[in-house]
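> Before I ask anything, here is the structure I am working with.
The values are calculated or read from the model by the stated rules, or taken from the named source; none is laboratory data. This is a predicted model, so every value here is computed, not measured. Quick reminder, even Gly has a Cβ in these numbers, built from the backbone with ideal geometry, and neighbours come from all protein chains shown. In case anyone asks, the SASA skips ligands and DNA or RNA and just uses the protein heavy atoms, side chains included. Shrake-Rupley method; radii C 1.70, N 1.55, O 1.52, S 1.80 Å.
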Amino acid sequence: MRRPFLIFFGLLWLTNSVGAQQLSRPDLKNLLARIRENRVTHADFQEQRFLRLMKKPIVSSGRVWFQPPNKFRREAGGNSSSLTVSDGHQLWIYYPNFKSAEHYSIGSRSPLDSIIAAINSALNLENVEYTFDITGAKIDNGYELTLTPRTPAMKRIFQKLNLHIDGNLRAERTEMLQVNGDRIVTSYSNQTRAPLLPSTFEFTPPPGTEVSTPLGR
């Protein structure tokens with residue numbers, strides 16, 4: 001069964017907090033401001049999904065692009081390759097191996113709104129203070145942040161979101177604990193901060209693609 005809305009989260013890391021210095025509220029606010037001033041726009045990723053009913057994690061890798069407040073693109077390769085694109089108004093999930101695509105509308109009180117808001121808040125830290133309770137600590141090689149969702153809609157998606165930020169203020173590792181106890185861990189590398197073209201967040205289904213709208217038009 002496909003889980004299209006959770007593929008963006010890589011998210012929940014097991015950390016060793018020995019020697020960590022807890023950040024005060026002013027320090028945490030200053031750290032978030034510094035991260036936003038130097039946002040990563042592109043990175044390679046490797047994702048591991050630890051499911052309770054499986055002995056080994058499901059591993060995938062690919063590339064991801066972000067543009068605040070709500071645009072992203074995710075390309076995953078391998079046997080279960082997929083392309084996920086959002087321009088802030090609509091979301092496409094394309095499965096090239098099956099020549100099929102799913103189309104979702106965002107906004108106008110769509111059921112996806114809370115999910116997309118959670119994804120973008122967590123990954124680019126835009127207005128994250130308004131949607132999560134946040135704690136942080138300074139460690140030897142960067143920072144550790146823990147985000148706990150506030151709203152009932154987000155609490156139905158995950159319990160806790162942890163992020164490891166390196167010394168250059170780049171997301172290096174994220175881990176998410178889902179409501180059912182499953183975990184998604186994502187490692188990032190080759191991060192860049194270069195501007196992105198608008199076409200990065202555009203998608204048109206190739207000819208012959210079977211398009212479905214699971215939530216209606």
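> Would you mention how many residues in region 65-84 are outside any loop (DSSP other than H, G, I, E, B) and either touching a helix residue (DSSP H, G or I) at 6+ places or on another chain (Cβ under 6 Å) or in contact (Cβ under 8 Å) with a residue 24 or more places away in the chain (or both)?
So the answer is 11.
> Which residues, counting only those in region 178-209, are open to solvent by less than 50 Å² (accessible area, probe 1.4 Å) and of a type in the set (Ser, Thr, Tyr)?
Answer for region 178-209, where residues must be open to solvent by less than 50 Å² (accessible area, probe 1.4 Å) and of a type in the set (Ser, Thr, Tyr): 186, 187, 188, 200, 209.
> Tell me which residues, restricted to region 139-165, are among the charged types (D, E, K, R) and surrounded by 15 or more Cβ atoms within 10 Å (Cβ to Cβ).
If the condition is that a residue be among the charged types (D, E, K, R) and surrounded by 15 or more Cβ atoms within 10 Å (Cβ to Cβ), then 144, 160 are the ones that fit.
> Listed residues 146, 174, 135, 151; which is touching a Gly at 6+ places or on another chain (Cβ under 6 Å) and in contact (Cβ under 8 Å) with a residue 12 or more places away in the chain?
Criteria check complete, one pass: 174.
> Hey, residue 99 hits all of (1) under 22 Å from residue 188 (Cα atoms); (2) modelled with pLDDT of 95 or more; (3) out of contact with any strand residue (DSSP E or B) (no Cβ under 6 Å at 6 or more places or on another chain) but one; which does it fall short on?
Condition not satisfied by residue 99: (1).
> Please go through region 45-56 and pick out each residue that is surrounded by 13 or more Cβ atoms within 10 Å (Cβ to Cβ) and touching an Asp or Glu at 6+ places or on another chain (Cβ under 9 Å).
Within region 45-56, 49, 50, 51 qualify.
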